[in-house]
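So the structure is just underneath, and the comments pick up after that.
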């Protein structure tokens, strides 16, 4: 099976320097790595191309539109695998994804662990083994077959926040969803810039707002007000 691994970015050159060589080694001959930008002002494009990966500039900013645009521009894949730039999938992720699809699960993600240890962060990580929407998130990465992606209509391009929760919620209503029993490594930079309590409160509040149908801009403003940039 041929995988398109899509990395939505905005000024992620430093993380890509670490991530892309690993992804290229793991995926060699089995897929294509597409970094999709949205107006980055750093060396994102140069780093991408220096690592032999495809750089694609999205006509619209936002992770949802970026990921949709990359799929539309490069549709010749059996599976799409969406990975954030500040994460690192485990070795052998190609086999994990292919095995998941072969087992009848057209969509799925990993559990996660953080790149630093803290008892409270360990609790967050432990919860990602459970099949509940509140335990999901784009940081866990997401694989989806081309057929399932097309049937779902891709990501909601009008969403600028919580687009991953919307996609997963729609997915779980129609398809079996696999939680791969291994962990992707996730950056704790948001927690380092703030603290565990502040991040948890912001996440919980915005998640509840999403479930109650709050407007996108209200959720964005709430998140920005509650947390420092990271």
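The values are calculated or read from the model by the stated rules, or taken from the named source; none is laboratory data. This one's a predicted model, so the numbers in the text were calculated from it and none came from an experiment. Positions of Cβ are backbone-derived with ideal geometry, glycine not excepted, and every protein chain shown enters the neighbour counts.
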The condition from (1) touching a helix residue (DSSP H, G or I) at 6+ places or on another chain (Cβ under 7 Å); (2) touching a residue at least 60 places away in the same chain (Cβ under 8 Å); (3) assigned to a helix (DSSP H, G or I); (4) over 21 Å from residue 146 (Cα atoms) that residue 64 misses is numbered (4)
Report task. Would you check if there is a residue in region 67-80 being surrounded by 22 or more Cβ atoms within 10 Å (Cβ to Cβ) and in a strand (DSSP E or B)? Result -> yes
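Residues to consider are 37, 137, 92, 108; find the one that is touching a residue at least 60 places away in the same chain (Cβ under 8 Å) and surrounded by 15 or more Cβ atoms within 10 Å (Cβ to Cβ).
Just one listed residue meets the conditions, 108.
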- Query: Out of curiosity, is residue 176 closer than 25 Å to residue 122 by Cα, touching a residue at least 40 places away in the same chain (Cβ under 8 Å) and touching a strand residue (DSSP E or B) at 6+ places or on another chain (Cβ under 8 Å)?
  - Reply: no
Within region 111-123, of all residues that are assigned to a helix (DSSP H, G or I) and free of Cβ contacts under 8 Å to residues at least 12 places away in the same chain, the one farthest from residue 168 (Cα to Cα) is 119
Reported set for region 138-164 where residues are within 23 Å of residue 211 (Cα to Cα) and either outside the structural domain of residue 61 (by TED's automatic domain parsing) or touching a helix residue (DSSP H, G or I) at 6+ places or on another chain (Cβ under 6 Å) (or both) is 138, 152, 154, 155, 156, 157, 159, 160, 161, 162, 163, 164
When residue 184 is run through (1) in contact with a helix residue (DSSP H, G or I) (Cβ under 9 Å, 6 or more places away or on another chain); (2) closer than 22 Å to residue 95 by Cβ; (3) surrounded by fewer than 16 Cβ atoms within 10 Å (Cβ to Cβ), the failure sits at (3)
Per the filter on region 1-30, residues without any contact (Cβ under 8 Å) to a residue 40 or more places away in the chain and part of a helix (DSSP H, G or I) are 13, 14, 17, 20, 21, 24, 25
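Condition check ((1) touching a strand residue (DSSP E or B) at 6+ places or on another chain (Cβ under 8 Å); (2) at pLDDT below 95; (3) assigned by TED's automatic domain parsing to the domain that holds residue 95; (4) within 25 Å of residue 149 (Cα to Cα)) across all residues:
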site: 7; (1), (2), (3), (4): yes, no, yes, yes
site: 17; (1), (2), (3), (4): no, no, yes, no
site: 26; (1), (2), (3), (4): no, no, yes, yes
site: 49; (1), (2), (3), (4): yes, no, yes, no
site: 69; (1), (2), (3), (4): yes, no, yes, yes
site: 78; (1), (2), (3), (4): yes, no, yes, yes
